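The values are calculated or read from the model by the stated rules, or taken from the named source; none is laboratory data. In this text, all values refer to a predicted model and were calculated from it rather than measured experimentally. Cβ atoms come from the backbone with ideal geometry, glycine included; neighbour counts cover every protein chain shown. These accessible areas exclude ligands, DNA and RNA; they are computed on the full protein's heavy atoms, side chains included. Shrake-Rupley method; radii C 1.70, N 1.55, O 1.52, S 1.80 Å.
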Amino acid sequence: MPSRTSLSGTRSLSGPGHLPGAGWGAVFVLAASVLWGTTGTAATFAPAVSPLAIGAVAMGVGGLLQALYAARRIRGQWRLLLEQWPLVSLGALAVAVYPLAFYTSMHLAGVAVGTVVSIGSAPVAAAVIERFADKKPLTRRWLAGALLGVAGAALLSVAGRRPGDAGGASGTGMEPGVDSWAVPAGIVLGLVAGVTYALYSWAAHRLIGRGLSARATMGTVFGTGGVLLMPVLLLTGRALVESWTNVGVGAYMALVPMFAGYVLFGWGLARIRASTATGLSLVETVVAAVLAVLVVGERLPAAGWIGAATVLAGLVFLLPRASGHGEPEDGAGLPLPSELPRPSIPATATGRRLSHRQIDAQSHQKDPADNNSDDLPADTRDKEDKAEQTRG
């Protein structure tokens, strides 16, 4: 588990290996990005399934699984969720729009252009949202990492294009006259995908910061988005059940990259800001390229490998640094209870106070599903402890 509690009742800032909380956030996001990078390769095994159906089954069914996974947490925090319904609605709408815009962008503008515009614009959009909505400054370190990551992703995707993959509607069965607007439309949809990716990442990060657990946040936002995607799946998903291979691809997309991937992403958003998370997720393009070479049999020229190395170099700037005190310099990671030192209770504290703390500890131990990744960030007992220390 990412954090531990000492015998004195003080939770340390580090988890296994003394990795800071923001460091674990980066690890979770990178792990999620590795899973997301497998979606393109998986989709090649179901060529008869439309991009809309792939997006709807992945995010739709994956979102519903998120809701089921978080059902108990959602029931326990439904009042707070209702209080935050505007933010929940914004995140859910972004979840529903993102896959439709992303996969249609690749269909119209080509895989290379669609991927670069969609994934590459997300860190910039997240940074702009944080700058105006949260008044968070953009650091030079983040700018350097984001520029390297976007440039590397662009070089990687463009280098991987074959002559027949020039983009647009060519080769897709669309009328030739459509080509003139297909690429611009694909680019616009790619920007929509990038903005919506940034929006639901930012919304989830802010909800966690307002006292919701990561599990309840992701389950509610993605579950609601999944419900919104069900009509699209019903209209476009017939090909998914026409063969067992297609069924397997759909099940994999929903269970692994989307369900497991976004569970990890939620844990990451509880520890690092959305702009850092979307920047780190550029590693998805590297994973996709490597799998295309190893599994699909595609060839990647030297320029593509240089692009992959550039993306990885950008991660050096995007990964949270530790300050001299061992605390991350991410600048905006949300403090979880597992990352905040809990003051010990003085000997003069009342027995009633101790009994309350013991009851809380027992109730926490009774639920094996609870873990430090899902603890509520808002812990009001810390203030009470400090006040009692002052009186003691």
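Brief remarks follow.
- Residue satisfying all of: in the range 291-301; outside any loop (DSSP other than H, G, I, E, B) and touching a residue at least 24 places away in the same chain (Cβ under 8 Å); most open to solvent (accessible area, probe 1.4 Å) among these: 295
- Those residues of the range 115-132 which are over 16 Å from the mean Cα position of the chain (by Cα) and either farther than 18 Å from residue 196 by Cβ or open to solvent by 50 Å² or more (accessible area, probe 1.4 Å) (or both), in sequence order: 128, 131, 132
- The residues in the range 195-214 that are of a type in the set (D, E, K, R) and part of a loop (DSSP other than H, G, I, E, B) can be counted, and the count is 1.
- Every condition in (1) open to solvent by 40 Å² or more (accessible area, probe 1.4 Å); (2) modelled with pLDDT under 80; (3) of a type in the set (A, V, I, L, M, F, W, C); (4) within 18 Å of the chain's Cα centre (by Cα) holds for residue 315 except the one numbered (1).
- If the condition is being open to solvent by less than 80 Å² (accessible area, probe 1.4 Å) and not β-branched (Val, Ile, Thr), then the range 232-247 contributes 233, 237, 239, 240, 243, 246.
- Of all residues in the range 195-213, those that are under 23 Å from residue 72 (Cβ atoms) have Cβ atoms under 7 Å from Cβ atoms of residues that are surrounded by 24 or more Cβ atoms within 10 Å (Cβ to Cβ) and basic (Lys, Arg), 6 or more apart or on another chain, in 205/273.
- Listing of helices (runs of 4 or more DSSP H) fully contained in the range 78-157 that carry 3 or more residues being touching a Ser or Thr at 6+ places or on another chain (Cβ under 7 Å) and either touching a residue at least 24 places away in the same chain (Cβ under 8 Å) or more than 25 Å from residue 289 (Cα to Cα) (or both): 85-109, 111-133
- Test result for residue 267, hydrophobic (A, V, I, L, M, F, W, C), closer than 28 Å to residue 134 by Cβ and open to solvent by 40 Å² or more (accessible area, probe 1.4 Å): yes
- Enumeration of residues in the range 45-69 that are part of a loop (DSSP other than H, G, I, E, B) and in contact (Cβ under 8 Å) with a residue 24 or more places away in the chain: 45, 46, 48, 49, 50
- Boolean, residue 277 is at pLDDT below 90, out of contact with any Pro (no Cβ under 8 Å at 6 or more places or on another chain) and open to solvent by 10 Å² or more (accessible area, probe 1.4 Å): no
- Check on residue 54, open to solvent by less than 30 Å² (accessible area, probe 1.4 Å), out of contact with any strand residue (DSSP E or B) (no Cβ under 6 Å at 6 or more places or on another chain), aliphatic (A, V, I, L, M) and farther than 18 Å from residue 201 by Cα: yes
- One residue stands out in the range 184-205 among those that are within 13 Å of the chain's Cα centre (by Cα) and of a type outside the set (A, V, I, L, M): the one that is farthest from residue 107 (Cα to Cα), namely 205.
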